[in-house]
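Note sheet for the following structure.
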């Protein structure tokens, strides 16, 4: 396990953590360190869905809207979204 040190923590924040730790463990004692560790672990794990999951969700919402409207996209429609028109010219080089 790794260790971190948090310097210059304001006294009022430390006092609030003490109260929160005591409230979290009603009837027992929980250390401020243990409570802070739980807060940090929860915050680090509480990450939103990744880009792939977000794109899938957008696709599903779009498809649900199309289904609700009674419309269908063909493969040609989808291919047309990714084709460049002659007016667009060549893409910019990034070399």
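When 87, 33, 95 are sorted by how many other C-beta atoms sit within 10 angstrom of their C-beta, beginning with the fewest, the order is 95, 87, 33. Cβ-to-Cβ counts within 10 Å put 26, 60, 37 in ascending order as 26, 60, 37, the fewest first.
What is the helix-to-structure angle for 51-69, meaning the angle in degrees between its Cα long axis and the longest Cα principal axis of the chain, kept from 0 to 90 and rounded to the nearest 10? Taking the Cα atoms of the chain, the angle to 51-69 is about 50 degrees.
Going by neighbour counts of Cβ atoms within 10 Å, the residues 85, 31 line up, fewest first, as 85, 31. The C-alpha atoms of the chain define a longest principal axis, and helix 11-24 lies at about 90 degrees to it.
Bear in mind these aren't lab numbers, they're just calculated from the coordinates by the rules spelled out. The structure displayed is predicted, hence computed values, not measured ones. Every residue, glycine as well, gets a Cβ built from its backbone with ideal geometry; the counts of neighbours run over all protein chains shown.
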